[in-house]
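Enquirer: Here it is, the structure in full.
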Amino acid sequence: MSSTVLKMSDIVVCYGDMVANDHVNFNVQVGEIHALLGENGAGKTTLMKALVGLVAVESGTIELNGQLVEIESPVAALQLGIGMVHQHFMLIPSLTVAQNLCVGLRTARNLFPDLRRMAREMRALAERYHLDIDPDERVANLSVGQQQRVEIIKALYRGARLLVLDEPTAVLTPQETEGLFGIIRHLVAENNSVIFISHKLHEVMTISDRVTVLRAGKLIETRRKAETTAEQLANAMVGRDVQLPTNKHLLEPGTPDVLRVTDLHYVNPRGVSVLNGIDLSVKAGEIHGIAGVDGNGQDEFARALAGLILPAQGSVRLDGHDITHASTAERIRLGLAHIPADRQRTALLMGQSLADNAVLEQITQDEFSQRGFIRSKAIREYTCTLIDTYDIRCQSISQAAGTLSGGNQQKLVLARALARNPRLIIAVQPTRGLDIGATEYVHAALIDQCARGCALLLISTELDEILALSNRVSVIYRGKLTDPLDRAAVTRDQLGLLMGGRAVTTTSPQQNSH
C-alpha cells in the first residue's frame, strides 16, 4: 500500500447542538481515488469543508504527509496542497481562461500578473494532464465539461496535489463524464490523490479505489471497491435494504394521448429563440423521459406546458382540450400537475406553513374556501392526510416549509401534486439533491401514478433516472427534441451523443415499450 497523504482522526464538527461529524476517521493514500458516500446530511460535505478550512474542527486532528496541520482557511489549504472543485463553478464568464486563472493570485513584483507567462504554463499543465483547454478562450464560450476542466487547472496551478471533487458529474453528459474519468486517472498516475464525492453509485464503482460511507455524521465503513458492490454500498448509506424501482408498465397499442404538443416555439425576453418547433405526445400510463444537459430549453418547455410562459407559436392539448393560452389555474382544473425543478424558489413558499403550501394550488376550490372565507379545519385535515400518506417528517402543520429537510420539502411538493390524481404530471428534476432513500420513495410514487393511467413527462439530467423510469425517451438539444426512442432499445452512449448534439443511429420506437 502506498504512503498516506491525508489522515483525519476523530474529527468532530458541530453546528450548535447538532453534531455533524461524530469522531470520523478518514484517510487517503498517495495516487488513490477515494470515494466519499452518504445521504444528504450524512456529514460528507462538512468533513470536506473541515479539510479545506471552511468550517472549524471542534476536536480531532488532521495530518498531511505525516505532519500535524491546522487548516483555518481555503488559502491555508491551498498552501498545503489541498484544492476543492465545487459542484457550482466559481468562474467569471466574461473573462478568458487565463484571466480566471489569475483571479486571487498575488504577485510580489508586479501589480498585474503576466498573462502570457500564465497562458504558457497553463498550456503545459493542460497537456500534461490531458485537459485540452485554450487559455485565451472566454469562459462564457466553454461547455460545462470544459469549465470543469478550468476549475481543475486552477487548483493544479495553485499547487494542489490532493483534489476534492464535489459531485463532479452532476451536469455532464456520459461522454464528458468519461473524459473527466480519464483526467482523474492521469492525475493519480502522477501521484496526485483525489477525493470523489458522488451519489451515483455506478460511477463510484467505476472510478474509485476505496469507498468510505458516512451515515448520520458517523463513519459506517471503508472498503476497497473490489471488496464491495453497489447494493452493499447503498444499504450502508441508508441502513436498510434499498431497491430503486423500475417502470415495468407496458403500453398497449392504441393507448390515447393525454398530452400533445405541436410545433411549439418560445422566444425569451431578450429575443433569443429557446424552443424551436417541439412536437411531442405522452400517452395515458406512459412515462416519457426528456434527457438533456441543463440549459437546452427544458426549463422553458416545462414552464410553457404549465402556463407560466406563453409560446410564440404552436399548440398544447391536454386530453383534447386546447390549453395553449389557458391560465395555470385552468390547467390545474383540467388535471395538470407541475413538479418544478427548484422546490425552494418556484414550488414552495418557504416562510409559510406546511398547511398553506399544501393547498396553495387549490385554495379557491369549495373544499378549502367558500364565499371568501378560508375553511381552516378542512385545510388542517387535508394537510395531516398528506403528511401521513407521504411520510413527511415534520413537527406540525404550522411549521414553515423552509425548516424541513430537502427530502421532506420534495415530499410536500410531490404530495400536493399527486393527491389530486392528475391526468398529466410535468416532473422536472424530481430527485435533484435527494439521497438514495428519498429517491426510492419519489420514483415509486411516480410509477404508482402511471399505473392508474396518469401520463408523466419526466425532464431530468440524470440518465439513470431516465432509463429506469421511462417508456420512451427524447433528447432536447438547443431547443429541439429528437424523435422518441424506445427505452429498451436505446443505450446510455447513444443518449450521451444526442445530448451533445450528435446524430446517432437508433432503433425506431415501439408502442408496446416498457
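What follows is calculated from the coordinates using simple rules that are stated; it is not laboratory data. Source: prediction; values computed, not measured. Positions of Cβ are generated from backbone atoms using ideal geometry, with glycine treated the same way; all protein chains shown enter the neighbour counts.
Enquirer: Can you give the percent of C-alpha pairs in the range 394-469 whose distance is more than 21 Å? Could you put the intermediate results ahead of the total?
Expert: Details: 784 of 2850 pairs.
So the pairs more than 21 Å apart make up 28 percent of the total in the range 394-469.
Enquirer: Mean Kyte-Doolittle of at least -1.0 plus a Cα span of 15 Å or more along the axis: flag which DSSP H helices in the chain meet both, please. Spell out each step's value before the answer.
Expert: Numbers: long enough: 115-128 (19 Å, -0.91); 144-157 (20 Å, -0.08); 174-189 (22 Å, 0.26); 376-389 (20 Å, -0.18); 406-418 (18 Å, -0.04); 436-451 (22 Å, 0.66).
Span-like helices here: 115-128, 144-157, 174-189, 376-389, 406-418, 436-451.
Enquirer: What FRET efficiency do you get for residue 491 and residue 361 if R0 is 35 Å and r is their Cβ-Cβ distance, rounded to the nearest 0.05?
Expert: Working: r = 38 Å, r/R0 = 1.10.
Given R0 = 35 Å and the Cβ-Cβ separation, E is 0.35.
Enquirer: Using only C-alpha positions, report the orientation-averaged shadow area of the convex hull of the range 343-419, nm², one decimal. Write out the running numbers ahead of the final one.
Expert: Working: hull surface 18.6 nm².
Convex hull of Cα atoms, orientation-averaged projection: 4.6 nm².
Enquirer: In what order do 184, 426 fall by count of nearby beta-carbon atoms within 10 Å, going from fewest to most?
Expert: On the way: 184 21, 426 26.
Lowest count first: 184, 426.
Enquirer: Sticking with this structure for a sec: Counting each pair of different Cα atoms once, what's the Kirkwood radius of the range 4-238 in Å, rounded to one decimal?
Expert: After inverting the pairwise mean of 1/r, the radius is 18.4 Å.
Enquirer: What dipole magnitude, in Debye to the nearest 20, does the range 31-176 give about its Cα centre under +1 on Lys/Arg Cβ and -1 on Asp/Glu Cβ? Let's see the in-between values first.
Expert: Details: 14 positive and 17 negative charges, 121 e Å.
Here the range 31-176 has a charge dipole of around 580 debye.
Enquirer: Put a dot 7 Å past each Cα toward the Cβ at residue 333 and residue 70; how far apart are the dots in nm?
Expert: Each label point lies 7 Å from its Cα, and together they span 6.7 nm.
Enquirer: Listed here are the pairs 44/218; 44/200; 218/411; 283/411; which of them are more than 19 Å apart at the Cα?
Expert: Working: 44/218 9 Å; 44/200 15 Å; 218/411 26 Å; 283/411 25 Å.
Going by Cα-Cα distance, 218/411; 283/411 fall outside the 19 Å limit.
Enquirer: Where nothing but the Cβ of Lys and Arg (+1) and of Asp and Glu (-1) is charged, how large is the charge dipole of the range 343-419 around its Cα centre, in debye to the nearest 20?
Expert: On the way: 9 positive and 7 negative charges, 35 e Å.
That gives a dipole near 160 debye.
Enquirer: What is the distance, in nm, between label points placed 7 Å from the Cα along the Cα-to-Cβ direction at residue 448 and at residue 478?
Expert: Result: 4.3 nm between the two label points.
Enquirer: While we're on this one: Per residue of the chain, what 222 nm ellipticity follows from adding -39500 (n - 2.57) for every DSSP H run with n ≥ 4, rounded to the nearest 500?
Expert: -9000 deg cm²/dmol
Enquirer: Please compute the Cα-Cα pair-distance distribution of the range 253-297 with 5 Å bins starting at 0, giving whole percents from short to long.
Expert: For the range 253-297, the binned pair fractions read 6, 17, 20, 23, 16, 10, 6, 2, 1 percent.
Enquirer: Take peptides 50-56, 160-166 and line them up by average Cβ neighbours within 10 Å, highest first, as a rough protection proxy. Mind dumping the intermediate values first?
Expert: Values: 50-56: 19.1, 160-166: 23.3.
Packing proxy ranking, top to bottom: 160-166, 50-56.
Enquirer: Once you wrap a convex hull around the alpha carbon atoms of the range 301-394, what is its projected area averaged over all directions, in nm²?
Expert: Values: hull surface 30.5 nm².
Across all orientations, the range 301-394 yields a mean hull projection of 7.6 nm².
Enquirer: Subtracting the Cα-Cα distance from 0.36 nm times the residue separation, let me have the gained length for residue 322 to residue 352 in nm, one decimal. Please list the in-between numbers first.
Expert: On the way: separation 30, 0.36 × 30 = 10.80 nm, distance 3.39 nm.
Result for the pair: 7.4 nm of gain on full extension.
Enquirer: For the range 262-335, what class follows from the C-alpha gyration tensor (a ≥ b ≥ c being the square roots of its eigenvalues): rounded when a/c is under 1.5, otherwise prolate if a/b is larger than b/c, else oblate?
Expert: Numbers: a/c = 1.79, a/b = 1.25, b/c = 1.43.
In terms of gyration-tensor shape, oblate.
Enquirer: Mind giving me the FRET efficiency for residue 230 and residue 132? R0 is 25 Å, r the Cβ-Cβ distance, nearest 0.05 is fine.
Expert: Details: r = 31 Å, r/R0 = 1.23.
The value I calculate is 0.20.
Enquirer: Give the relative contact order (percent, whole number) for the range 343-419; include only Cα pairs under 8 Å separated by 6+ residues.
Expert: 43 percent
Enquirer: Out of every Cα-Cα pair in the chain, what percent are more than 44 Å apart? Mind showing how you got there, number by number?
Expert: Working: 27310 of 131841 pairs.
Roughly 21 percent, rounded to a whole number.
Enquirer: Which FRET efficiency, nearest 0.05, do residue 4 and residue 371 yield, Cβ-Cβ r, R0 51 Å? Don't jump to the answer; show the numbers that get you there.
Expert: Details: r = 72 Å, r/R0 = 1.42.
Working from the Cβ atoms, E equals 0.10.
Enquirer: So, in nm, how far is label residue 124 from label residue 421 when the simple model puts each one 7 Å beyond its Cα toward the Cβ?
Expert: With each label point 7 Å from Cα toward Cβ, the separation is 7.1 nm.
Enquirer: Let me ask something else. Nearest 20 debye, what's the magnitude of the dipole of the chain about its Cα centre given +1 on Lys and Arg Cβ and -1 on Asp and Glu Cβ? Before the final figure, lay out the partial values.
Expert: Values: 51 positive and 56 negative charges, 132 e Å.
That gives a dipole near 640 debye.
Enquirer: Report the extension gain between residue 243 and residue 40 in nm, rounded to one decimal, defined as 0.36 nm multiplied by the number of residues separating them, less their alpha carbon distance. Mind dumping the intermediate values first?
Expert: Values: separation 203, 0.36 × 203 = 73.08 nm, distance 1.80 nm.
Using 0.36 nm per residue and subtracting the Cα-Cα distance, I get 71.3 nm.
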